[in-house]
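Below is one structure, written out as structure tokens, with a few remarks after it.
The values are calculated or read from the model by the stated rules, or taken from the named source; none is laboratory data. For clarity, every value in this text was computed on a predicted model and none was experimentally measured. Methodologically, a virtual Cβ is constructed for each residue, glycine included, from the backbone with ideal geometry; neighbour enumeration extends over all protein chains shown. The area values use the complete protein model at the heavy-atom level, side chains included, leaving out ligands, DNA and RNA. Shrake-Rupley method; radii C 1.70, N 1.55, O 1.52, S 1.80 Å.
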Amino acid sequence: MDIKLLNDQGQSTASFAAPDTVFGRDFNEALVHQIVVAFQANARSGNRAQKDRAEVHHSTKKPFRQKGTGRARAGMTSSPLWRGGGKIFPNSPEENFSQKVNKKMFRAGIRSILSQLAREDRIAVVDSFTLDSPKTKLAADKLKSMGIEESVLIITDSIDENVYLATRNLRNVAVVEPRFADPLSLIHYKKVLITKPAIAQLEEMLG
């Protein structure tokens, strides 16, 4: 799969022959959906808490007599059928939302996403991505000079401190190493910028 090779001015000087084992796969929509949903579920924390009928504030006194009122019989006001009563199946802070995805499926899903991004011309390759100083304006100007004015995910072999400090305040820019390139970020960002050494790492991880 041939991917555009950009210089610092954003000009496509040549094409980079990316490995087909990572960037030449068919798109598997069902698999991609599964790993994205699992990734979001695994990041979810069980921080909701509800009370059951034993925990709500209530009295054990019978609300009204058993017969003769025309109403359904009731034993206490903590019944889930009553307003202010406890929940039948309350949410617990210990609730576990995680979903298991096999490593083979996860890697196949990442390959499928990268291949589709390459076909949609949303991936570009650069030799390296470095900055002389940790200035946010410097990072913004460099991306603008490269013709990248929308959201971008930068995948680099090793994160330079200047790049990290300069891009952390840019709302639509994220810099990660290949091992931290998650499926949700790959889909979310409009452009993906990958360095040549990072492609070698991706091939080693996913090939």
For the range 1-159, the charge dipole (Cβ of Lys, Arg +1; Cβ of Asp, Glu -1; about the Cα centre) points to a positive end, and the Cα of Q40, S98, A14 closest to that extreme belongs to S98
Expected max-MSF residue from R44, R171, R107 in the GNM of the chain (alpha carbon, under 10 Å) is R171
Cα-centred dipole magnitude for the chain, charges only on beta-carbon of K, R (+1) and D, E (-1), debye, nearest 20:
2300 debye
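Can you check what the Kirkwood hydrodynamic radius comes to for the chain, Cα pairs only, in Å to one decimal?
20.7 Å
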Neighbour-limited loop hits for GluC sites (Glu not before Pro), the range 1-95 (at most 15 other Cβ within 10 Å; DSSP other than H, G, I, E, B)
E55, E94, E95
Quantify, in whole percent, the carbon and sulfur part of the accessible surface of the range 14-107 (1.4 Å probe; protein heavy atoms only).
51 percent
Give a residue-ordered list of calculated ³J(HN,Hα) values for the range 77-87 (Karplus: 6.51 cos²θ - 1.76 cosθ + 1.60, θ = phi - 60°; whole Hz; x for Gly, Pro).
7, 7, 4, x, 7, 9, 5, x, x, x, 7
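Relative contact order (percent) for the chain, with alpha-carbon contacts under 8 angstrom and 6 or more residues of separation?
Values: 353 pairs, mean separation 52.7, N = 207.
Across the chain, relative contact order equals 25 percent.
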Which order do L81, L143 take when ranked by solvent-accessible area (1.4 Å probe, heavy atoms of all protein chains), largest first?
L81, L143
Given 15 as the ceiling on other Cβ atoms within 10 Å, longest exposed-site-free region of the chain for chymotrypsin sites (Phe, Trp or Tyr not before Pro) in DSSP loops
98-207
Report, in whole Å, the centroid distance computed from the Cα atoms of the range 139-173 and the range 1-35.
19 Å
Using the Kirkwood radius over Cα pairs of the range 25-119, the Stokes-Einstein translational diffusion coefficient at 37 °C and 0.692 mPa s, in µm²/s and rounded to a whole number, is 187 µm²/s
Candidates L114, L170, L153; GNM for the chain (alpha-carbon contacts under 10 Å) flags as most fluctuating L170
Whole-Å distance, taken between Cα centres, linking the range 181-207 and the range 57-103
49 Å
Can you tell which of I88, I159, I148 shows the greatest fluctuation in a Gaussian network model of the chain with Cα springs below 10 Å?
I88
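With only alpha-carbon pairs counted, each pair once and no self-pairs, how large is the Kirkwood hydrodynamic radius of the range 1-78 in angstroms?
On the way: mean 1/r = 0.0501 Å⁻¹.
Computed over the range 1-78, the radius equals 20.0 Å.
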Express the accessible area of the chain per residue in Å², computed with a 1.4 Å probe while the remaining protein chains stay in the model.
63 Å²
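Viscosity 1.002 mPa s, temperature 20 °C: Stokes-Einstein D of the range 97-207 from its Kirkwood Cα radius, in µm² per second?
Details: Rh = 14.6 Å.
Here the translational diffusion coefficient equals 147 µm²/s.
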With all protein chains present and a 1.4 Å probe, how do M146, M105 order by accessible area, largest first?
M105, M146
For N91, residues with placed amide H under 5 Å, excluding near neighbours
Q50
